[in-house]
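The values are calculated or read from the model by the stated rules, or taken from the named source; none is laboratory data. As the structure is a computational prediction, the values presented were derived from the model and not from experiment. With ideal geometry, Cβ positions are generated from the backbone for all residues, glycine too; neighbour counts draw on all protein chains shown. All accessible areas refer to the heavy atoms of the entire protein, side chains included, with ligands and DNA or RNA removed. Shrake-Rupley method; radii C 1.70, N 1.55, O 1.52, S 1.80 Å.
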Amino acid sequence: MDFKEMLKQVPQRPGVYRMIDAQGNIIYVGKAKNLKNRVSQYFRSQKDRAPKVAEMIENIHTFNYMVTDTELDAFIEECRLIKEIKPRYNKLMKNSRKYIYIKVPAEQYPKVMIAYEKIDDGALYFGPLTSRHRVETTVQYLNDFYPIRKCTSPGLVKRTSGCLFQQLGTCIGPCTGQVSSEEYRVHIEKIRQVLNGNDRTAVQELTERLDEAVENLKFEKAALYREYYLGLRHVIGKQQLVQSSSKNRNIFAVEFIDHAQAKLFLIKGNKLLYREVFTTATADRMEFIHHLKQIIRDTFVTKKSDMRRLTQYDIDEAQIIYSYLKRNRKSILSFWIPSTRLKREAPELDDTVMKIINRVTSGNPSDDAVIKN
């Protein structure tokens, strides 16, 4: 296959590309802000490629692509195709080490551990999370500051005299047989409250310990407390995003195509309900305001009955979409629209729409990740 000739035809536009093997199987799906630049990278000689990427490239027989209006269009289409096709070399939207979890197993005396996939096993999961380093330091923090099991054995091994951690005072010692499951669960519940962001004292205590260590010139301890602090903030922030995702929020997003055009997206939970291209310099401002209010109400209210309760997979997928909007807040405007503002008699929707139009017509996306209205 003459890839050089094929690459000449690829436009410098946003879109989705699909890598195909000799048997006609789609082995990889990707998105790009600039299709030509992104696809060309696969066919340039690079010495530092990951082995799996190099293997995938060796199996490419041909490729095709689809041009989209914006990069958000491409992202949404990429997510849909990966979920539908499950290409061999894709990791996004599949259980993999790209997204990890903190797991508390459904056991009488559970440990806190890292998991690379979420399964229906009755365990308590926090995530999906994106930084393995932050997750590892958070689990280390929980083991250091809470007297829970840390033993390497998968199950609870009974020891009359207790384990080393119990003797050091860092575990209450369920292995001695003298600790009730109710007593142990108190500490697991404290961890759950901390990771869900319901108990802020842990973050405050870490800040105080960090300040005290610096004041006493104990810089190694200060560095460790700082890592714990950053890890905990990462997990809490992501977990709160997961909780927001589970509420099936109404999202209004706008991405600029050029100086004269933008595209709006209406998303509920993990579902794209509506998208439309419009000119930013509209001649009739009041007519445009009425049009926006109408499509917001018609889309979110009319299709509300079609929205089933989100499964855990849907929540994970919604969290990935919201994380994408947050990461790209400098180029994509996004607004949460409470359901209470969708009622015909609710005047608050006017304020929301005006805020959206002011941001859109200014041509400058917000520095805020998601604006709550």
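Would you mind stating whether D73 is farther than 17 Å from V29 by Cα and either in contact (Cβ under 8 Å) with a residue 12 or more places away in the chain or over 18 Å from the mean Cα position of the chain (by Cα) (or both)?
Taking the combined requirement at face value, the residue does not satisfy it.
With respect to the numbered conditions (1) surrounded by fewer than 17 Cβ atoms within 10 Å (Cβ to Cβ); (2) at pLDDT 90 or above, which one is the sole condition not fulfilled by D199?
All conditions are met except number (2).
Looking only at the stretch 28-37, decide whether some residue is under 17 Å from the mean Cα position of the chain (by Cα), at pLDDT 90 or above, within 26 Å of P128 (Cβ to Cβ) and of a type in the set (F, W, Y).
Within the stretch 28-37, not a single residue is under 17 Å from the mean Cα position of the chain (by Cα), at pLDDT 90 or above, within 26 Å of P128 (Cβ to Cβ) and of a type in the set (F, W, Y).
Out of the stretch 43-53, which residues are open to solvent by less than 80 Å² (accessible area, probe 1.4 Å), under 26 Å from the mean Cα position of the chain (by Cα) and not aliphatic (A, V, I, L, M)?
Listed by number, the list holds a single entry, R49.
Condition first: surrounded by fewer than 17 Cβ atoms within 10 Å (Cβ to Cβ) and either modelled with pLDDT of 80 or more or at positive phi (or both). Now tell me which residues in the stretch 146-158 satisfy that.
K158
For A213, which of the numbered conditions (1) closer than 18 Å to N143 by Cα; (2) buried (at least 16 other Cβ atoms within 10 Å of the Cβ) fails to hold?
Failing condition for A213: (1).
Please state which of the following conditions R275 fails to meet, knowing it meets all the rest: (1) open to solvent by less than 70 Å² (accessible area, probe 1.4 Å); (2) part of a strand (DSSP E or B); (3) modelled with pLDDT of 90 or more.
Going through the list (1) open to solvent by less than 70 Å² (accessible area, probe 1.4 Å); (2) part of a strand (DSSP E or B); (3) modelled with pLDDT of 90 or more, R275 breaks only (1).
Going through R329, R297 one at a time, which residue ends up being closer than 19 Å to I357 by Cα, at pLDDT 80 or above and open to solvent by 50 Å² or more (accessible area, probe 1.4 Å)?
R329
Any residue in the stretch 333-354 that is within 27 Å of Q261 (Cα to Cα) sitting within a Cβ distance under 7 Å of a residue that is modelled with pLDDT of 75 or more and of a type in the set (G, A, S)? List the pairs, counting only those 6 or more apart or interchain.
L333/A253; S334/A253
What is the number of the single condition among (1) part of a loop (DSSP other than H, G, I, E, B); (2) at pLDDT 90 or above; (3) of a type in the set (A, V, I, L, M) that A283 does not meet?
Condition not satisfied by A283: (2).
Considering only the stretch 54-80, state which residues are surrounded by fewer than 20 Cβ atoms within 10 Å (Cβ to Cβ) and under 19 Å from Q23 (Cα atoms).
A54, E55, I57, E58, N59, I60, H61, T62, N64
Filter the stretch 1-34 for residues that are open to solvent by less than 60 Å² (accessible area, probe 1.4 Å), over 11 Å from N64 (Cβ atoms) and either part of a helix (DSSP H, G or I) or of a type in the set (A, V, I, L, M, F, W, C) (or both) and give the result.
Selection gives F3, L7, I27, A32.
Suppose we filter the stretch 152-188 for residues that are of a type in the set (D, E, K, R) and within 33 Å of the chain's Cα centre (by Cα); how many remain?
Within the stretch 152-188, residues that are of a type in the set (D, E, K, R) and within 33 Å of the chain's Cα centre (by Cα) number 1.
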